[in-house]
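What follows is a set of notes on a single structure, which appears directly below.
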Amino acid sequence: MHPAIRAGSALLFFCALPSEARAEPTLEMLAPTKSETPSEVCHLLCRTDPDATVTVAGKPAEVYRNGAFAADNLPLELGANAIEIVATAPDGVTTTQTLQITRVEPAPPKPVTTLTVSEPARDAVLPPGEQVVVRAVGPPGLSGTASIVGQPLTTPLAEELAEGEPTGRYTAVLRVPDELSSPAEITVRLEGESPLESAAPGKLAAWPAGLPRVVEVTADRLGVVHGLHYIRLGGPYLAELPRGTRLEAVGSVGNMLQVRLCEGLTGWVRAEGRDGQPTVDDLPPGTPVPANHFTYFLITGGPLPSNPPDGEPVDTVTIGLSAPVAHAVRSRVTPTADGDRNELLLDLFNTHHATTWISRKETAALLGDPTVEQVTDGRLRITVPVAGRQLWGYWTELTGNTLRLHVRRGPGPGQPDAPLAGKVIALEAGHGGSDSGAVGRLGLREKDANLMAVTALDEELRRRGAETVLLRPDDTSPSLWQRAEQANASGAHLLVSIHANAAGTARGFLRVSGTSVYFLGEHNRRPAEILWRQMLSLDWNDFGLVGNFHYTPLRNTRTPAVLIEQAFLSHPGDEARLGDPEYHRQQAVVIADGLESFFRESSD
């Protein structure tokens, strides 16, 4: 055809243009970052164009929607290794890179020639006879002893073995002597050609005999833990004590104070808060150890002015204590032929059973007839049945010597076709501000993924008629206590906290992935399980339904509460989905569907 063709009165010209050069797909190496390793395998993480296909060492690798791909456990021979990576665009153009990595012999371990004692790490004042564990690291295969300076007794060291071989890790057990009024060093001695001796960082003294030491809680809340340990997210908590609670102190280790709750049960509290302020005050010598009893208590119901919003009705157990003792509350759900039975278990410590009169008034619409039992010497338990399919939250208040347990009545029946209408849901986007949380290898910050999720969920819930309370609406960082208190002040019927998980990648980038949902307290299991199954409907791997999770907003809200760990930012595929706004819209829909199911089946 002639290049000029008349069309009406116009001429159209078709010119032959040179074909455009086809672009090669990008290929960026992210890991490994070192060219030498003593490891028998390496883990590869790269980025290419999202529409490219990839092979690593001749095997296909999945390319995720952000272009990331990974290959774990690529075998390495001693010496030089070449791993070919080929990225192919849809039009067939390829980019090839070769990872040159050398596997070297691992460096032999350096011989240990010194002695280091790691425990006890802090000064301790403990009751006579209490066990103290001593830990030390030194040259392997030696014998030795641990002793308290100034005391005649020594204790032999025991060395740990690994596959029958000595490790140089030594332990010993000491007992606190009866008479050790002044702090004394603990020393460890290893015998050999050149004997070694070193002292532990912490010194030891015996808790003084005589008058008991009684302390009173001055902090607004003081957590009691079962033992000396560090858990990043806190807990498990035996109890959380309000201001005014009195305790008998029986020992200390560093900043932790050991308290006796009843015969045979002790716990540990922080004697000083993270702000440096004391959490307890010593009462004058001669103050008696709190010993509590009561002959009656009362159950009532009605609006509570201090319960938002606008004095929402609650049922209340009111107990007049003879002493402001420690207490703990937990929920219990017991399956029966007629459905689940909800109960609250209120334990009062340093308390003996003297109750002969329990009054329940007609205004109590929720709480049934309680039972009282002496569980152990000094531990009294009140079991309170709670009517309804769902326990909607509770909290305690201690005013002087009056303890009150308040139990929420919940939102009541909803609309069958709009179960979220009128429901108040608190949404927490985890981390924020200077706290980024986890960060994916391709740069997605957890705080941003969480806020994207909450923003999408907020829109979806409001579209379905719910009222929402955003505990972190932007890139700020209110404290965890502030978030819990805001949820309580809002009168929320449910709290949903959204986070993203992360795991170490030393054993591979693809090893751990998937979604999980967390809860604390048996009454929170049902909403957590519903949301967990909803998240799995999005084709995530299953990382589990996790109970006994002591995250502060779960532990201190007066409402059912769950935490969703969407997926793992340490996994490139998970990170790719969590950075996609369209995914968050899909996630918001399935979470909202789950919340509708929960409110629909929980309505009485």
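The values are calculated or read from the model by the stated rules, or taken from the named source; none is laboratory data. Quick caveat, the model's predicted, so the values are computed rather than measured. Here the Cβ is made from the backbone with ideal geometry for all residues, glycine too, and neighbour counts use every protein chain on show. Quick note on the areas: whole protein, heavy atoms, side chains included, nothing else; ligands and nucleic acids left out. Shrake-Rupley method; radii C 1.70, N 1.55, O 1.52, S 1.80 Å.
Sorting the segments 175-183, 564-572 by their residues' average number of neighbouring beta-carbon atoms within 10 angstrom, most packed first, yields 564-572, 175-183.
The residue among Ile358, Leu344, Val325 whose Cα reaches farthest toward the positive pole of the charge dipole of the stretch 322-377, with charges on the beta-carbon of Lys, Arg, Asp and Glu, is Val325. Below 29 Å, Cα to Cα, which lysines can Lys59 reach? Residues fewer than 8 away in the same chain don't count. Partners found: Lys34.
Taking Lys and Arg as +1 and Asp and Glu as -1, the other residues whose beta-carbon sits under 11 Å from that of Asp435 total +1.
Think of the chain as having a plus end and a minus end, set by charges on the Cβ of Lys, Arg, Asp and Glu; of Ala205, Val225, Asn292, Asn292 sits farthest toward the positive end of this dipole.
Relative protection proxy for 43-53, 93-103, from highest mean packing down: 43-53, 93-103 (other beta-carbon atoms within 10 angstrom).
Based on the alpha-carbon gyration tensor of the stretch 504-557 and its eigenvalue square roots a ≥ b ≥ c, which shape applies: rounded if a/c is under 1.5, prolate if not and a/b is larger than b/c, or oblate? Oblate shape, in that a/c is at least 1.5 and b/c is the bigger or equal ratio. Helix 480-490 and the long axis of the chain differ in direction by around 90°, with both axes built from C-alpha atoms. Could you tell me whether the chain comes out rounded, prolate or oblate from its Cα gyration tensor? Rule is a ≥ b ≥ c as square roots of the eigenvalues, rounded for a/c under 1.5, then prolate if a/b exceeds b/c, otherwise oblate. It comes out oblate by the Cα gyration axes.
Ranking Leu563, Asn541, Gln586 by Cα position along the charge dipole of the stretch 528-604, where only Lys, Arg, Asp and Glu carry charges on their C-beta atoms, puts Leu563 farthest toward the positive end. Averaged over its residues, the chain has an accessible area of 49 Å² per residue, based on protein heavy atoms and a 1.4 Å probe. Label point of Ile231 set 7 angstrom out along Cα-Cβ; within the stretch 303-345, amide nitrogens under 18 Å from it belong to 328-332. Note on Glu263 and Arg585: their simple-model spin labels are 6.7 nm apart, each label 7 Å out from Cα toward Cβ.
Measuring nothing but how far apart in sequence close Cα pairs (under 8 Å, 6+ apart) lie, relative to its length, the chain scores a relative contact order of 10 percent. Surface composition of the chain: carbon plus sulfur atoms contribute 51% of the solvent-accessible area (1.4 Å probe, protein chains only, all chains present). The distance separating the Cα centre of the stretch 443-509 from that of the stretch 39-108 comes to 36 Å. With a cut-off of 13 Å, note down the residues of the stretch 561-604 whose backbone N falls inside the zone around a label point 7 Å from the Cα of Arg463 toward its beta carbon. Output list for this probe position: 582-593. For the stretch 373-470, relative contact order (Cα pairs under 8 Å, six or more residues apart, normalised by length) works out to 22 percent.
Roughly what angle does helix 581-602 make with the longest principal axis of the chain, taking Cα atoms, 0 to 90 degrees, to the nearest 10? The two axes meet at around 40 degrees. Placing +1 on each Lys and Arg Cβ and -1 on each Asp and Glu Cβ, with no other charges, gives the chain a dipole about its Cα centre of roughly 920 debye. Taking Cα centre as origin and charging only the Cβ of basic (Lys, Arg, +1) and acidic (Asp, Glu, -1) residues, the dipole magnitude of the stretch 22-78 rounds to 140 debye. Counting charges near Gly141 (Lys, Arg +1; Asp, Glu -1) among other residues having Cβ under 13 Å from its Cβ returns a value of -4.
Highest mean first, the peptides 574-587, 375-388 sorted by other C-beta atoms within 10 Å per residue fall in the order 574-587, 375-388.
Calculated mean residue ellipticity at 222 nm for the chain: -4000 deg cm²/dmol, from DSSP H runs with n ≥ 4 weighted as -39500 (n - 2.57), summed, divided by the residue count and rounded to 500.
Computed from Cα atoms, the angle from the helix 446-463 axis to the main principal axis of the chain rounds to 90 degrees.
Does anything in the stretch 135-160 have its amide N under 14 Å from the 7 Å Cα→Cβ label point of Ala199, and if so which residues? It comes to 147-151, nothing else.
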